Amino acid sequence: MSTSRGNILLGVSGSIAVYKSLLLTRLLIKKGYEVKVVMTSAAKDFVTPLSFATLSKNQVFSDISSDQEWNNHVDLGLWADVLLIVPATANTIAKMAHGIVDNMLLACYTSAKCPVLFAPAMDRDMWLHPSNQANIKTLKSYGNHMIAPTNGELASGLEGVGRVAEPEDCLLFIEDFLCKKQDLLHKTVVITAGPTFEAIDPVRFIGNKSTGKMGIAIAEECISRGATVHLVLGPSHVPISDDRIQVLRVTSAQEMYDRVHTYTSADIFIMAAAVADYKPKHYSEEKIKKGQGKMSEIELERTLDIAKSIGDTKSDQQILVGFALETKNELANAKSKLERKNFDLIVLNSLNDKGAGFKHDTNKVTIIRKDNKSTAYELKSKSDVAKDIIQEIIDYQEQL
Ligand code: CTP
């Protein structure tokens, strides 16, 4: 009986970073995976197939055919639970993006039915070149997963992004990927994120310091668990790495309200946006000129409460999650918001906690449920906080 934790087909293309794939093969074998390696001929210029064969304890494939036999790339593609391409050069990435099949690795890629993970390795300017960026985008749109390159010293001597992820980090990514439950499969999630800007005149607005990072991290977590994600995003400059997230960009609270209300049949609503509570009652078509004295004539009125409007109309099966950013009486304020807006859960963050709230890459939250259970979490990266929030939602939903 096989005791393997899974079959990994490791595709290796030609880069100085090939030596890291040797270390990765060793780490994967140690973890109990079965590894078979496919090399491009350029990869063999850096490391011999014998090294990979010795570490993987399997024959290494390189050519589609030899004098004696035809190597069945379809069988290899079907054998793999994951196709892992490390390092993935700009050339291999370009061919993957455009369906070019001129070697065994690309034949495996185009026949594989399993998830594909690729770790780019190239020089800074190659990485930044629009053609390469477009190819990466295409691969992501095929559902392939990128193990992002890191910033640092490159083989050329330049500094920048392009270093292939370290073997230990590739292993963490793979393990996380394989362990991740697709527990939001067939669920539709609507997430609001970022600030809203309420226009005063053509050049001025009322806004706030929200960056959208927390909501974007939640969207990324939901997509990785198999959900269909509609991210209704106010003005934010944070890049969104996963093309499968449907991003609906809005500016004002009214636009955010309208967008959210096109998805009222969603299964889960997560209201992470810092929606402006007030907007100017009258928009001035002309830029308002300064006068001599004080400015006191901008009359404000309330914006629509998006979260409350969903809370008032949702069914018992639909989950609504709100956020509360507080500066005092944190727990009491959050609980009263939970009741007032009919939230199932509320995520409380306090501006008194160091590293929490807007602008930071970290957050420290307490999650309070409708049934009054609450859990206080440590300060964590926003992506780890997103994992906690989604896990709480799933646990809560199981009890419904
Ligand atoms: N929210 C919303 N629409 C609004 C205002 C808030 O959807 N117009 C949502 C936020 O996204 C958040 C929750 O409601 O999930 C709480 O928002 P917050 O502004 O903190 O609470 P308020 O109810 O506005 O209370 P206060 O301003 O008194 O803190």
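Packing, taken as the mean count of other beta carbons within 10 Å per residue, orders the peptides 81-89, 200-208 from highest to lowest as 81-89, 200-208.
So for the chain, taking the charge dipole from beta-carbon charges (+1 Lys/Arg, -1 Asp/Glu), which of Ile306, Tyr278, Ala324 sits furthest toward the positive end? Positive-most Cα among the choices belongs to Tyr278. In the chain, taking the dipole from charged Cβ atoms about the Cα centre, the farthest positive-side position among Leu106, Val12, Asn363 is held by Asn363.
Computed about the Cα centre, the dipole magnitude for the range 267-391 is approximately 360 debye when only Lys and Arg (+1) and Asp and Glu (-1) carry charge, each at its Cβ.
Carbon-plus-sulfur fraction of the accessible area of the range 188-397, 1.4 Å probe, in percent? Provide the component values of the computation, followed by the final result.
Working: 5010 of 10530 Å².
Of the solvent-accessible surface of the range 188-397, carbon and sulfur hold 48 percent.
Between His282 and Gln182, the simple spin-label model (points 7 angstrom out along Cα→Cβ) gives 5.7 nm. For the residue pairs Lys113/Lys181; Lys287/Lys308; Lys209/Lys373, the alpha carbons lie more than 23 Å apart in Lys287/Lys308; Lys209/Lys373.
Please compute the alpha carbon radius of gyration of the chain, then divide it by the globular-protein estimate 2.2 N^0.38 Å. Two decimals is fine.
Working: Rg = 25.2 Å, N = 400, 2.2 N^0.38 = 21.4 Å.
Output field value: 1.18.
Annotation: amide H of Met39 within the under-5 Å range of Val12, Phe61, Ser62, sequence separation 5 or more or interchain, hydrogens built in the peptide plane.
Over every Cα atom in the range 188-397, the radius of gyration and the widest Cα-Cα span, Dmax, amount to 17.4, 60 Å.
Rounded to the nearest whole Å³, what is the per residue volume of the convex hull around the Cα atoms of the range 286-397?
Details: hull volume 19.4 nm³, N = 112.
Hull volume over Cα atoms, normalised by residue count, gives 173 Å³.
For the range 200-286, the convex hull drawn through the C-alpha positions has a volume of 106 cubic angstrom per residue.
Just to confirm, what accessible area per residue do you get for the range 9-63 at 1.4 Å probe, in whole Å²? Spell out each step's value before the answer.
Details: 2410 Å² over 55 residues.
Per-residue value: 44 Å².
Using alpha carbons only, how many angstrom separate the centre of the range 217-246 from the centre of the range 307-379? That distance is 20 Å.
Provide the convex hull volume over Cα atoms per residue for the range 7-179, in Å³.
Values: hull volume 17.9 nm³, N = 173.
Considering the Cα atoms of the range 7-179, their hull volume per residue is 103 Å³.
How big is the charge dipole of the chain about its Cα centre, in debye rounded to the nearest 20, if each Lys and Arg gets +1 on its Cβ and each Asp and Glu gets -1 on its Cβ?
Charge dipole of the chain: 740 debye, to the nearest 20.
In this structure the amide hydrogen of Val161, modeled in the peptide plane, comes within under 5 Å of the amide hydrogens of Gly152, none closer than 5 places in sequence on its chain. Basic side chains Lys and Arg get +1 at the Cβ, acidic Asp and Glu get -1 at the Cβ, and with that the dipole of the range 7-179 about its Cα centre reaches some 180 debye.
Ligands, DNA and RNA left out, the 1.4 Å accessible surface of the range 7-179 is 55% carbon and sulfur atoms.
Considering only Ser236, Leu78, Gly152, and ranking their Cα positions along the charge dipole of the chain that arises from unit charges at the beta-carbon of Lys, Arg, Asp and Glu, the one farthest toward the positive end is Ser236.
Heavy atoms of the protein chains alone define the surface here; on that basis the range 214-273 has 37 Å² accessible area per residue at 1.4 Å probe size. Exceedance of the 21 Å cut-off in Cα-Cα distance is limited, within the set Lys364/Lys387; Lys279/Lys370; Lys337/Lys364; Lys213/Lys341; Lys137/Lys382; Lys213/Lys354, to Lys279/Lys370; Lys213/Lys341; Lys137/Lys382.
The values are calculated or read from the model by the stated rules, or taken from the named source; none is laboratory data. Remember, it's a predicted structure, so these values are computed and weren't measured experimentally. All Cβ positions, even for glycine, are placed from backbone atoms using ideal geometry, and neighbour counts span all protein chains on display. The area values use the complete protein model at the heavy-atom level, side chains included, leaving out ligands, DNA and RNA. Shrake-Rupley method; radii C 1.70, N 1.55, O 1.52, S 1.80 Å.
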